[in-house]
Amino acid sequence: MEKSSSEVVIMLGGNMEGTRQFFAESLNIISVSVGEIKKTSSIYVSEPWGGLNQADFLNQAVKLETRLDPPELLHTLLNIETGFGRKRSVKNGPRTLDIDILYYNNLIINEIDLQLPHPRLHLRRFNLVPLLEVSPNWIHPVYQLSAGELLKKCPDSLKVTLEASNNVT
């Protein structure tokens, strides 16, 4: 029996040379190895989160349909990151490509290696702003709030700006 499709939103991030190209190339790989891309957000420039002095990040939300279960999806995304030279040496540090699962349907998973929805989603403007663009009607299954409502309550004050403009969101 074939698995049914699940709705997923992932977040691409990076702040090292080549990030825009890494996003484009990773979207091609994701469409082949993960599932059909339904919508991508604009690319946003975000101040670094986590207190380290480093370059601003680029972030982009990607809404897709997948037949992979959550552990398979996580494993596939980690392999894609590794293929782009991702090294996990400094927590919240610079990276070539970071891919986080923001949500998978309305699942709530709390395991050591996999938490869904992303456990800090509601605390990060750089996640919520692009998420709102690709999935404005999604309701957080724990907080029962939409992405827009979460953004209004978000304690994060770091700037998130559309890449092609000077408008701060």
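The values are calculated or read from the model by the stated rules, or taken from the named source; none is laboratory data. Predicted, not measured: the structure shown is a model, and the values here were computed from it. Positions of Cβ are generated from backbone atoms using ideal geometry, with glycine treated the same way; all protein chains shown enter the neighbour counts.
Yes or no, residue by residue, for (1) over 13 Å from the mean Cα position of the chain (by Cα); (2) touching a residue at least 24 places away in the same chain (Cβ under 8 Å):
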site: Phe22; (1), (2): yes, yes
site: Leu27; (1), (2): no, yes
site: Gly35; (1), (2): yes, yes
site: Tyr44; (1), (2): no, yes
site: Glu47; (1), (2): yes, yes
site: Asn53; (1), (2): yes, no
site: Gln60; (1), (2): no, yes
site: Leu64; (1), (2): no, yes
| task | Please work out which one of (1) touching a helix residue (DSSP H, G or I) at 6+ places or on another chain (Cβ under 7 Å); (2) modelled with pLDDT of 90 or more; (3) surrounded by fewer than 20 Cβ atoms within 10 Å (Cβ to Cβ); (4) under 24 Å from Leu132 (Cβ atoms) is the condition Arg20 fails and give its number. | result | (1)
| remark: Taking the range 34-66 and keeping residues more than 23 Å from Arg120 (Cα to Cα) and loosely packed, with under 14 Cβ neighbours inside 10 Å leaves Glu36
| Would the range 6-13 turn up any residue that is within 20 Å of Pro130 (Cα to Cα), modelled with pLDDT of 95 or more and in a loop (DSSP other than H, G, I, E, B)? | no
| In the range 119-129, the residues that are in a loop (DSSP other than H, G, I, E, B) and surrounded by fewer than 19 Cβ atoms within 10 Å (Cβ to Cβ) | Pro119, Arg120
| field | For Pro155: the one exception among (1) of a type outside the set (Gly, Ala, Ser); (2) within 19 Å of Ser46 (Cα to Cα); (3) not in a loop (DSSP other than H, G, I, E, B) | value | (3)
| message | Yes or no: the range 88-106 includes at least one residue that is part of a helix (DSSP H, G or I), charged (D, E, K, R), at pLDDT below 95 and surrounded by 14 or more Cβ atoms within 10 Å (Cβ to Cβ). | response | no
| message | Is it the case, given these coordinates, that Ser146 is surrounded by fewer than 12 Cβ atoms within 10 Å (Cβ to Cβ), in contact with a helix residue (DSSP H, G or I) (Cβ under 9 Å, 6 or more places away or on another chain) and more than 21 Å from Arg67 (Cα to Cα)? | response | no
